[in-house]
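Trainee: Have a look at this one.
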């Protein structure tokens, strides 16, 4: 059980890192470089939709990360 939860926590952490890096910041860092051309092609509404999905994904992954961390700390 511990091994399964640890592997799940590592996968969740990698997914959380990826989602955070894909979000556009105020300076439009990595996400702006990747989706810059697509934003011009599909319009601004599409970009706002992608940012909303990434924001919700970050929230869910963060909550799951917190819960897994607490459960693993309790088990150990």
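The values are calculated or read from the model by the stated rules, or taken from the named source; none is laboratory data. A quick note: this is a predicted structure, and the numbers were derived from the prediction, not measured. Cβ: placed from backbone, ideal geometry, glycine included. Neighbour counts: every protein chain shown.
Trainee: Examine the range 23-34 for a residue that is at pLDDT below 95, touching a helix residue (DSSP H, G or I) at 6+ places or on another chain (Cβ under 6 Å) and not in a helix (DSSP H, G or I), and state whether such a residue exists.
Mentor: yes
Trainee: For the structure I just gave you, tell me whether residue 55 is surrounded by 14 or more Cβ atoms within 10 Å (Cβ to Cβ) and either at pLDDT 60 or above or within 15 Å of residue 18 (Cβ to Cβ) (or both).
Mentor: Answer is no for this residue.
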